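Written below as structure tokens is the structure these notes are about.
The values are calculated or read from the model by the stated rules, or taken from the named source; none is laboratory data. Owing to the predicted nature of the structure, the values given are computational and were not obtained by experimental measurement. Here the Cβ positions follow ideal geometry from the backbone for every residue, glycine too, while neighbour counts run over all protein chains shown. Accessible surface areas use protein heavy atoms only, side chains included; no ligands, DNA or RNA. Shrake-Rupley method; radii C 1.70, N 1.55, O 1.52, S 1.80 Å.
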Amino acid sequence: MACNHPNVSQLCVAKVPFFNHLAIDEMVKIAEISKHHTYVKGDIIYQAWDPLEYLYIVHIGRVKIYQLFESGKEQVLRILEPGEFFGELALFTEKTLETYAEALEKTNICMIHRDKMQQLMKEYPTIALKILEQFSQRLDAADKLIGELSVKDVEARIASYLLDLMDKQQSTNIILPVTKRDLASYLGTTQETISRRMTKFQKQGIIKQEGHRKVSIFDVETLQAISLEEM
């Protein structure tokens, strides 16, 4: 359904790197062509074989993008926070989806149809350039993860992930954005292994876990050294 709250939509598009350089009236124009949908935890936003038609922007909440194999195994590809986007291939190609998108909590999504986004990119070429910049960053992150899965052991991958979170959240007191089950899927291991390695780090005085999601990093240098170890 079309959004009836342009101010809310404006905040949504203003969070996205390839829109936030535009003037307010230009963002309002984009807000007027967007749709809003709200999902509760566990809702599937889209699934494999759905048509790829929209650019999705996370306004509030968090979204998990994953693949599901015939064996039932789930591979987490990305966890998206407010201001991040997905479904970007819709801007350049017409195909069906190969992944699933699931709301990890109550989540509000802005949706802009491919045709309208393509018109925007013609009208504002800087949007296309900034989208390509975001693509490059995602490719870099994907290449890094693939490299780590092939040459680093589980401890090194966990250490690297914690350091990346520290940089992203700009604090040594970090919040894990996902459950250990989803983190295990993302890092290519098991939930039990994640728990064991995190407990080991805690016993070594490198980190301290508080509850299920809070982690304080005490020894950044040791964590960096572990992150560089290869199998």
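A few notes on this one:
- Full extension of the chain segment joining Ala48 with Glu210 gains 54.7 nm, where the gain is 0.36 nm per residue of separation less the Cα-Cα distance.
- Averaged per residue, the chain has 54 square angstrom of accessible surface, using a 1.4 angstrom probe with ligands and nucleic acids left out.
- Its relative contact order, with pairs defined as Cα atoms under 8 Å and 6+ residues apart, puts the chain at 19 percent.
- Using a Förster distance of 22 Å, the FRET efficiency for Thr126-Ile60 (Cβ separation, nearest 0.05): 0.25
- Calculated [θ] (222 nm, deg cm²/dmol) that DSSP helices of n ≥ 4 give over the chain, each run adding -39,500 (n - 2.57): -13500 deg cm²/dmol
- Amide hydrogen neighbours beyond the local backbone of Arg78, cut-off 5 Å, H modeled: Ile65
- Measuring between their Cα centroids, the range 61-80 and the range 160-217 lie 19 Å from each other.
- 14 Å Cα-Cα reach of Lys168 towards aspartates and glutamates, excluding residues that sit fewer than 8 places from it in its own chain: Glu81, Glu84
- Ligands, DNA and RNA left out, the 1.4 Å accessible surface of the chain is 53% carbon and sulfur atoms.
- Table column - 3J(HN,Hα) (Hz), the range 202-219, Karplus curve with 6.51, -1.76, 1.60, x for Gly and Pro: 5, 4, 7, x, 7, 9, 9, 9, 10, x, 8, 10, 7, 9, 9, 9, 9, 10
- About the Cα centre, charge dipole magnitude for the chain (Lys/Arg +1, Asp/Glu -1 at Cβ), debye: 600 debye
- The lysines whose alpha-carbon is closer than 20 Å to the alpha-carbon of Lys203, local same-chain residues fewer than 8 away aside, are Lys180, Lys214.
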